[in-house]
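Data first, discussion second: the structure below is written as structure tokens.
The values are calculated or read from the model by the stated rules, or taken from the named source; none is laboratory data. As the structure is a prediction and not an experimental result, all values here were calculated from the model. Backbone-built Cβ (ideal geometry, glycine too); neighbour counts: all protein chains shown. Note: accessible area is taken over every heavy atom of the protein model, side chains too, but ligands, DNA and RNA are not part of it. Shrake-Rupley method; radii C 1.70, N 1.55, O 1.52, S 1.80 Å.
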Amino acid sequence: MGETKHFLLLNDQPVTCPKCSSRTNFYEKVDAYHGVYEVHTCLDKKCGYEFLCIQD
């Protein structure tokens, strides 16, 4: 069974990794189901966790 991905809601605060609290880098993606969302990757080289952020 694969690892569960986090879906976070965007707000006016900078996004941080839900696993280690480090800052993230991101790119925007669009699909028919979710619309526009951001794919974030943790900048901590030891963590590197990837998760998604969507607009509220």
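Out of the chain, which GluC sites (Glu not before Pro) are coil in DSSP terms and have no more than 15 other C-beta atoms within 10 Å?
Here the GluC sites (Glu not before Pro) that fit, given the DSSP loop and packing criteria, are E3.
Per residue, how many Å² of accessible area does the chain show with a 1.4 Å probe?
That works out to 79 Å² for each residue.
Over the chain, what is the mean sequence separation of C-alpha contacts under 8 Å (at least six apart), divided by residue count, expressed as relative contact order in percent?
In percent, rounded to a whole number, it is 39.
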